[in-house]
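Report on one structure; see the data block that follows.
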Amino acid sequence: MATNGSPELLIVMGPEATPDQTDHVVARLEEAGVDARVSRGREATVIGAIGDRELLATLPVEGYPGVEQVVPIIKPYRLVARELAADPTVIDVEGHRLGDTFFGLIAGPCSVESREQTLTTARVVADAGATMLRGGAFKPRTSPYTFQGLGIEALELLREAKAETGLPIVTELMDPRHVEEVVEAADVIQIGARNSQNFLLLSEVGRAEKPVLLKRGLSTSVEELLMAAEYVAKEGNDRIILCERGIRTFERSTRYTLDLGSVAVLKHETHLPVIVDPSHAAGRRDLVLPLARAAVAVGADGIIVESHPRPEEALCDGPQQIPTGEFGNFAAEVGALVGLMGKQIG
């Protein structure tokens with residue numbers, strides 16, 4: 001349900017609280033004109049109370065049967081805050097899960113270039129155990145003279161790849177004018193780094209009934225990333241995947257600086273799953289596996305990587321794409337470490 005505000009109070013129900021008592025609290029809040037967001041977890045039930053702070057202060061919430069604790073929220077982001085959910089959020093995309101104990105392996109070409117390239121890559125990553133297929137239809141490029149993607153034609157090729165492999169599709173939305181086409185074709189809508197603070201676009205995908213993969217901007221702080229996610233959640237869509245993809249620093253030995261510390265911070269700050277893009281951070285395929293290992297070790301819920309049958313001929317980001325002939329070994333090494341971390345490929 002879309003809301004016009006953010007939770008001001010967290011109401012924690014006691015371990016012995018009954019469903020009727022939870023429903024009673026929700027009913028009392030709604031009678032007072034307060035929206036209530038319920039999160040039922042394995043060990044506790046949490047209610048986020050959304051409304052005027054002064055009005056909430058007048059309600060005898062702590063005295064309602066079953067209530068154990070009432071906690072005011074002081075963070076600028078509320079809906080995506082860790083405290084709002086009793087358990088970490090798990091995103092299910094057509095049977096492929098990501099979050100908590102489920103690790104997502106999202107792989108595919110940087111850009112959809114041709115039918116042969118797309119289907120070949122899709123088959124390889126599917127056989128290697130990937131859980132979703134990534135592929136760019138619309139490409140944001142620094143230079144206006146470089147390949148910008150095949151657009152609508154690419155969406156049709158991604159549909160064909162999904163029909164053959166069964167892999168859900170992750171593709172980027174850049175322009176509100178393409179919302180309808182991308183939402184229809186994609187199973188997960190990606191918002192890229194350059195649009196991470198395009199608030200109109202964030203609100204638009206917040207109204208879509210598809211999960212959103214939100215990448216951190218090149219110069220965006222962790223708090224700004226969480227506030228961007230809040231724009232999506234505020235419109236009613238809480239199926240959000242956060243992605244650390246490297247930030248711009250003075251260091252030039254890699255394409256961007258992969259901020260693995262942000263992954264650890266995000267796991268403390270939000271209930272949303274957090275993944276890592278080692279391909280864009282590295283800019284070099286020989287560094288993708290080491291950075292992927294580090295992402296798994298720091299607690300990431302998945303990775304999104306690029307692969308191509310002939311990277312030397314790629315129209316976009318060839319140097320960072322893993323040749324499809326090597327992707328099976330890459331996936332096996334990542335999968336082994338995922339198992340050691342007590343997780344499973346989703």
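The values are calculated or read from the model by the stated rules, or taken from the named source; none is laboratory data. Please read these numbers as outputs of a predicted model, since none were measured by experiment. When we count neighbours, we look across all protein chains shown, and the Cβ atoms used for this are built from the backbone with ideal geometry, even at glycine.
Residue by residue, here is whether (1) closer than 22 Å to His96 by Cα; (2) acidic (Asp, Glu); (3) touching a residue at least 60 places away in the same chain (Cβ under 8 Å); (4) not assigned by TED's automatic domain parsing to the domain that holds Glu251 holds:
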residue	(1), (2), (3), (4)
Ala281	no, no, no, no
Val296	yes, no, yes, no
Pro309	no, no, yes, no
Leu315	no, no, yes, no
Query raised in the report: Among the candidates Glu326, Glu306, Glu312, which residue alone is of a type in the set (Asp, Glu), modelled with pLDDT of 95 or more and either assigned to a loop (DSSP other than H, G, I, E, B) or in contact with a Cys (Cβ under 6 Å, 6 or more places away or on another chain) (or both)?
Result: Glu306
**Report entry** Answer residue from region 142-154, given it is out of contact with any Gly (no Cβ under 9 Å at 6 or more places or on another chain) and outside any loop (DSSP other than H, G, I, E, B) and is nearest to Val182 (Cα to Cα) among those
**Finding:** Ile152
Requested in this report: Quick one: Thr45 ticks every box in (1) more than 21 Å from Leu79 (Cβ to Cβ); (2) at pLDDT 90 or above except a single one, so which number is it?
Outcome: (1)
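Rundown of residues vs (1) polar (S, T, N, Q); (2) part of a loop (DSSP other than H, G, I, E, B); (3) in contact with an Asp or Glu (Cβ under 9 Å, 6 or more places away or on another chain), yes/no style:
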position: Val179; (1), (2), (3): no, no, yes
position: Val182; (1), (2), (3): no, no, yes
position: Ser203; (1), (2), (3): yes, no, yes
position: Lys210; (1), (2), (3): no, yes, yes
position: Leu214; (1), (2), (3): no, no, no
position: Leu226; (1), (2), (3): no, no, yes
position: Val232; (1), (2), (3): no, no, yes
Query raised in the report: Which condition does Glu83 not pass, out of (1) among the acidic types (Asp, Glu); (2) over 20 Å from the mean Cα position of the chain (by Cα); (3) closer than 30 Å to Gln190 by Cα, if it passes all the others?
Result: (2)
Requested in this report: May I ask you to say which residue of Val93, Val61 is among the hydrophobic types (A, V, I, L, M, F, W, C) and either exposed (fewer than 15 other Cβ atoms within 10 Å of the Cβ) or in contact with an Asp or Glu (Cβ under 7 Å, 6 or more places away or on another chain) (or both)?
Outcome: Val93
**Report entry** Every residue from region 296-346 that is basic (Lys, Arg) and farther than 24 Å from Gln117 by Cα
**Finding:** Lys343
Requested in this report: State which residue pairs qualify: first residue on the phi < 0 side of the Ramachandran plot and inside region 318-336, second residue outside any loop (DSSP other than H, G, I, E, B) and exposed (fewer than 14 other Cβ atoms within 10 Å of the Cβ) in any location, beta carbons under 7 Å apart, and separation of 6 or more residues or different chains.
Outcome: Gly318/Glu312
Query raised in the report: Only one residue in Leu105, Leu133 is in contact with a strand residue (DSSP E or B) (Cβ under 9 Å, 6 or more places away or on another chain) and either modelled with pLDDT under 95 or within 20 Å of Val183 (Cβ to Cβ) (or both). Which one?
Result: Leu133
Query raised in the report: Out of Val93, Val112, Val125, Val80, which single residue is of a type in the set (Val, Ile, Thr) and within 30 Å of Leu9 (Cβ to Cβ)?
Result: Val80
**Report entry** Matching residues in region 208-228 - criterion: being modelled with pLDDT under 95 and either not assigned by TED's automatic domain parsing to the domain that holds Ile241 or not acidic (Asp, Glu) (or both)
**Finding:** Ala208
Query raised in the report: If you check every pair at least six apart or on different chains, which have Cβ atoms under 6 Å apart with a residue in region 33-57 that is under 18 Å from Arg239 (Cα atoms) and in a strand (DSSP E or B) first and a residue that is at pLDDT below 90 and among the basic types (Lys, Arg) second?
Result: Gly48/Arg37
Query - All positions within region 157-178 that are surrounded by fewer than 17 Cβ atoms within 10 Å (Cβ to Cβ) and within 25 Å of Leu105 (Cα to Cα) - result: Arg159, Glu160, Ala163, Glu164, Gly166
